[in-house]
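Chemist: Please see the structure below; I have some questions.
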Amino acid sequence: MSLFNQSFPFFSLTGHVLVHTYIGFVQCFILLNSYYIHFFIVEMSSANEAMEQEDQIKPLWRYVTKLRKTPGGGNAMIKCNLCEISFIGSYTRVRAHLLKILREAVRPCSKVTPPKIIELKKLDNEATLKIQSSKKKCVSLPGEGKQKQDGAPPKVLGPLEKGFNLQGKDDLDARIARMFFSSGLPFHLARNPYYREALSYAANTPNLSGYKPLGYNKLRTTFLTTKRRHVVNLLQPIRNSWNQKGVTTVNDGWSDPQRSPLINFMAVTESGPMFLKAVNCFGDIKDKDFIAQHIKDSIMEVGSSNVVQIVTNNAVVCKAACMIIENEFPVIYWTPCAAHTLNLH
Ligand SMILES: [Zn+2]
């Protein structure tokens, strides 16, 4: 008998148990959707952070106005807010104008008085120090540069070591380990078959010598969208079976790594469980009407004629929400979660 056979309705599982049981498709889809939920917030905050960072490292932009971009390079038509003269250039020329640096071919600002120039130089120095201290320092690998310090001759490699490039493999291991430690990556990533497959592919595919690793922007835009679309296509056979086998919608509350209060909705049939959506309830009051509305939305997404039952945990508010659903859809019935009934009363 299948785990999710509709003829055995009291064997019900909550969303989180399903998530742990079906890592792979389902987990991948949940993660992809979690990325989508946070995408907008991350996008907004990273734009603000970039503006703040620009202001901190180039503080003299505050004293001029960028009128318009000029074609080619990073130059713009700039107007000084103090003396109101205009010139073409970048931040280097803004600095030269305000700090009266003569080697740049721009006229010094006539309105910058000696006390003002002290103030501007202080700002400029602070920015320079900030840039220097924020420059990423590369942590060397164990043993790297040691031979130079010791003055010892380089180690002579035997034919076996040379043939299998054992030194190269050790160096690669050390670089991978450094990547894990420097970004605080979880160690269980090392057990991820896709991580192992990616590095094996890189190491064993001919003609990949000029390969540049996938960048930040491409990863969070093009690749995220394409991968999500692909997973949706892979799940289509499960969707197609909904009207033949009957669906149980399962929902449960959980928190993502950012501690956002989420409710996840899944559609379960004999063909397999499928993640529908996660609703971020931050700032919402999770009363019976709120939960009922979201359950109703998930029922409409699956198709009300395809749904035979809903499963939630046994909280009073969930029970009340499901009573609303039962009244509205007389053919759908609520089943409390068996795991909660047995373990959590
Ligand atoms: Zn000026």
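No value in this document is a laboratory result; all are computed from the given coordinates. Note that the coordinates shown come from a computational prediction; the quantities given were computed from them, not determined experimentally. Glycine gets a Cβ as well: all are built from the backbone with ideal geometry, and neighbour counts include every protein chain shown.
Chemist: Mind checking which lysines have their Cα closer than 26 Å to the Cα of residue 227? Skip sequence neighbours fewer than 8 apart in that chain.
Modeler: 212, 218, 277
Chemist: Where Lys and Arg each count +1 and Asp and Glu each count -1, what net charge lies around residue 123 among other residues with Cβ under 13 Å from its Cβ?
Modeler: +3
Chemist: Summing Lys, Arg as +1 and Asp, Glu as -1, what charge do residues with Cβ under 13 Å from the Cβ of residue 337 carry, residue 337 excluded?
Modeler: Residues near residue 337 contribute 0 overall.
Chemist: Just need the relative contact order of region 52-134 here, percent rounded to a whole number, with Cα pairs under 8 Å and 6+ apart.
Modeler: Taking the mean separation of contacting Cα pairs over the length of region 52-134, I get 26 percent.
Chemist: Ok, one more. Using per-residue counts of other Cβ atoms within 10 Å, averaged over each peptide, order 123-135, 255-267, 329-341 from highest down. Write out the running numbers ahead of the final one.
Modeler: Details: 123-135: 11.7, 255-267: 17.4, 329-341: 15.6.
Ranked from most to least packed, the peptides come out as 255-267, 329-341, 123-135.
Chemist: Sticking with this one: From Cα pairs below 8 angstrom and at least 6 apart in sequence, can you work out the relative contact order of region 228-345, rounded to a whole percent?
Modeler: 23
Chemist: Okay, moving on. Mind running the shape call on region 212-252? Use the C-alpha gyration tensor, a ≥ b ≥ c as the square roots of the eigenvalues: rounded below 1.5 for a/c, prolate if a/b tops b/c, oblate otherwise.
Modeler: prolate
Chemist: Let me ask you something else. Which links in 100/121; 286/319; 79/100; 58/79; 137/169; 296/319 stretch past 18 Å when you go from one Cα to the other?
Modeler: With Cα atoms farther than 18 Å apart: 137/169.
Chemist: Can you work out the Karplus-derived ³J(HN,Hα) for every residue in region 197-210? Use 6.51 cos²θ - 1.76 cosθ + 1.60 with θ = phi - 60°, whole Hz, and x for glycine or proline.
Modeler: 5, 4, 6, 5, 4, 4, 7, 10, 8, x, 6, 10, 5, x
Chemist: So how much slack lies between residue 92 and residue 244, counting 0.36 nm per residue of separation and subtracting their Cα-Cα distance, in nm?
Modeler: In short, 47.8 nm is gained.
Chemist: Residues with beta-carbon under 12 Å from that of residue 282, excluding residue 282: net charge, scoring Lys, Arg +1 and Asp, Glu -1? Let's see the in-between values first.
Modeler: Working: positive: 259, 286; negative: 256, 284.
Summing Lys and Arg as +1 and Asp and Glu as -1 gives 0.
Chemist: Continuing with the same structure: Taking the mean number of other Cβ atoms within 10 Å as a proxy for protection, how do you rank 199-210, 311-322 from highest to lowest?
Modeler: Result, highest mean first: 311-322, 199-210.
Chemist: Can you tell me which lysines have their Cα less than 24 Å from the Cα of residue 162? Leave out same-chain residues fewer than eight positions away.
Modeler: Within the straight-line cut-off, residue 162 pairs with 146, 148.
Chemist: Could you give the length gained on full extension between residue 256 and residue 202, defined as 0.36 nm per residue of separation minus the Cα-Cα distance, in nm?
Modeler: Gain on extension, residue 256 to residue 202, equals 16.3 nm.
Chemist: Please state the relative contact order of region 160-296 as a whole percent: Cα pairs under 8 Å, 6+ residues apart?
Modeler: For region 160-296, the relative contact order is 11 percent.
Chemist: Something else: Find how much the distance from residue 165 to residue 314 grows on full extension, using 0.36 nm per residue of separation minus their present alpha carbon separation; answer in nm with one decimal.
Modeler: Here the segment from residue 165 to residue 314 would lengthen by 47.7 nm.
Chemist: Say R0 is 45 Å: what FRET efficiency, to the nearest 0.05, do residue 117 and residue 188 get from their beta-carbon distance? Please list the in-between numbers first.
Modeler: Working: r = 56 Å, r/R0 = 1.26.
So the FRET efficiency works out to roughly 0.20.
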